[in-house]
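The values are calculated or read from the model by the stated rules, or taken from the named source; none is laboratory data. Keep in mind that what you see is a predicted model, and the values were worked out from it rather than measured. Neighbour counts run over all protein chains shown; Cβ positions are idealised from the backbone, glycine included. Surface areas here come from the heavy atoms of the whole protein model, side chains and all, with no ligands, DNA or RNA. Shrake-Rupley method; radii C 1.70, N 1.55, O 1.52, S 1.80 Å.
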Amino acid sequence: MWQRWTPLKAASAQYDLAGFRTGGSRMRALERAEVGEVRGRSLLHLQCHVGLDTLSWARLGAQVTGVDFCAEGVATARSLAADVAPSAVFVEADVLDLPSRLDGTFDIVYTSHGVLGWLPDLYRWAEVAAHFTAPGGFVYVFESHPAAWMLDNKADRPELRLRYSYFGEEEPLAFEYRSPTAVPEAELPGWEYAWGHSLGEVVSALAAAGLRVEFLHEWPFVAWRLVPFMTQGQDGWWRLPEGLPSMPLSFSLRASKPSD
Ligand SMILES: C[S@@+](CC[C@H](N)C(=O)[O-])C[C@H]1O[C@@H](n2cnc3c(N)ncnc32)[C@H](O)[C@@H]1O
C-alpha cells in the first residue's frame with residue numbers, strides 16, 4: 001500500500017515538496033516545544049515516510065537519520081535531502097528489524113502521526129526504540145489516540161458513535177480504501193490492515209523496555225481528519241465540532257533512558 005500511495009502523495013499539493021525544498025521547517029510548534037532544543041543533537045526518526053518531518057528537524061539543527069520500509073518513501077526522502085540537508089541519512093528497513101540494519105544510538109528517537117497502528121508487535125517496537133536511545137536520551141511519540149480509533153469513521157452526522165473495539169487483537173483489522181487521504185481524487189482501491197494498541201499497551205511496552213515515562217499528554221485535536229465531520233483550525237489541527245463532548249484525539253509521550 002505504501003509503495004502505491006507514496007508517489008501520489010509526494011506529488012500532491014498537500015505535501016508541496018517543491019515548496020519544502022525552498023526552505024522552512026514543517027515541524028508543528030507543539031512538538032517543537034515538547035521535544036525541546038534539537039540543535040547539535042542526533043535524532044532517529046522511525047517510520048519517516050518521505051522525510052518531511054525528518055528534514056524539518058534537520059533544518060532546526062539536528063543530525064538526522066530516518067527509517068522507513070517503503071523504498072519509494074526512502075528514495076523521495078534522499079532526493080529531498082540532497083537539497084535540504086545533505087548529511088541526513090535514510091535507511092530502508094522494517095522498524096522491527098532495525099537493530100540488524102543500523103548501528104549506534106541517538107539522543108532523540110522520534111516517531112509521529114500514523115505510525116503505531118501499522119505495527120503488529122508494540123513490545124518489539126519499544127525494545128527497538130529503547131535499543132537506539134542513548135543513555136540520558138529519550139523517545140518521543142505523537143500519535144492519534146486509541147480512544148479516537150473507536151469512532152465511527154463513516155458517520156455522516158456530527159455525533160460520536162463507536163464502531164471499533166478499544167483493545168487490539170492479534171489479527172489486524174482490514175479496511176477497504178479508495179484513495180490516500182492526501183489525494184482523495186486518486187482511484188487506487190485496495191485493503192489496508194491495522195492493529196489496535198491501547199494507551200496502556202504503549203506505556204507498558206516502553207516501561208518494559210527500560211524507559212521512564214516523563215509525560216503522557218492527551219489532546220482534543222489530531223493531525224488529520226479521523227471522522228468526516230471534523231474541522232481544521234488555523235493551526236492545522238483537526239477538531240470535533242463545538243457542542244460535542246470533548247475527548248482525547250491524540251497523545252504525546254516522552255520516555256527517557258536513565259544515564260547510568
Ligand atoms: C502515515 S505514514 C507516517 C507519516 C509521517 N508521520 C509523516 O507525516 O511524514 C506511515 C509510514 O510508516 C511506514 N511503515 C509502516 N510499517 C512499517 C514498518 N514495519 N517499518 C518501517 N516503516 C513502516 C510506511 O511505509 C509509511 O511511510
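General remarks:
- Exactly one residue among Ala182, Ala223, Ala186, Ala207 is modelled with pLDDT of 95 or more and either farther than 23 Å from Met247 by Cβ or of a type in the set (D, E, K, R) (or both), and that residue is Ala207.
- The C-beta contact set for segment 78-99 (first residue farther than 24 Å from Leu119 by Cβ, second residue within 14 Å of the ligand (Cβ to nearest atom) and aromatic (Phe, Trp, Tyr), distance under 8 angstrom, 6+ apart or interchain) comprises Leu80/Phe20; Ala81/Phe90; Val84/Phe20.
Matching residues to (1) more than 19 Å from Lys154 (Cβ to Cβ); (2) charged (D, E, K, R); (3) open to solvent by 30 Å² or more (accessible area, probe 1.4 Å):
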site: Pro180; (1), (2), (3): no, no, no
site: Pro189; (1), (2), (3): no, no, yes
site: Ala194; (1), (2), (3): no, no, no
site: Ala207; (1), (2), (3): yes, no, yes
site: Asp235; (1), (2), (3): yes, yes, yes
site: Glu242; (1), (2), (3): yes, yes, yes
site: Lys257; (1), (2), (3): yes, yes, yes
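- Listed by first and then second residue, the pairs with beta-carbon distance under 7 Å, at least 6 apart or on different chains, first residue in segment 107-133 and more than 24 Å from Trp149 (Cα to Cα), second part of a helix (DSSP H, G or I) and more than 10 Å from the ligand (Cβ to nearest atom), are Ile108/Val35; Val109/Ala129; Val128/Pro99; His131/Pro99.
- Checked against (1) at pLDDT below 95; (2) farther than 30 Å from Ser165 by Cβ, Gly19 passes all but a single condition, namely (1).
- Qualifying positions in segment 52-83 - of a type outside the set (S, T, N, Q), assigned to a helix (DSSP H, G or I) and away from the ligand (no atom under 13 Å from the Cβ): Ala58, Arg59, Arg78, Ala81, Ala82, Asp83
- Some residue of segment 92-106 being surrounded by 16 or more Cβ atoms within 10 Å (Cβ to Cβ) and farther than 30 Å from Arg212 by Cβ: yes
- If you go through segment 120-142 and keep only what is near the ligand (Cβ under 9 Å from one of its atoms) and farther than 14 Å from Ala209 by Cβ, you end up with Pro120, Phe142.
- Failed item, numbered, when Ser25 is tested on (1) open to solvent by less than 20 Å² (accessible area, probe 1.4 Å); (2) more than 11 Å from the ligand (Cβ to nearest atom); (3) within 17 Å of the chain's Cα centre (by Cα); (4) among the polar types (S, T, N, Q): (1)
- Only one of His45, His49 that is near the ligand (Cβ under 9 Å from one of its atoms), surrounded by 14 or more Cβ atoms within 10 Å (Cβ to Cβ) and outside any loop (DSSP other than H, G, I, E, B): His45
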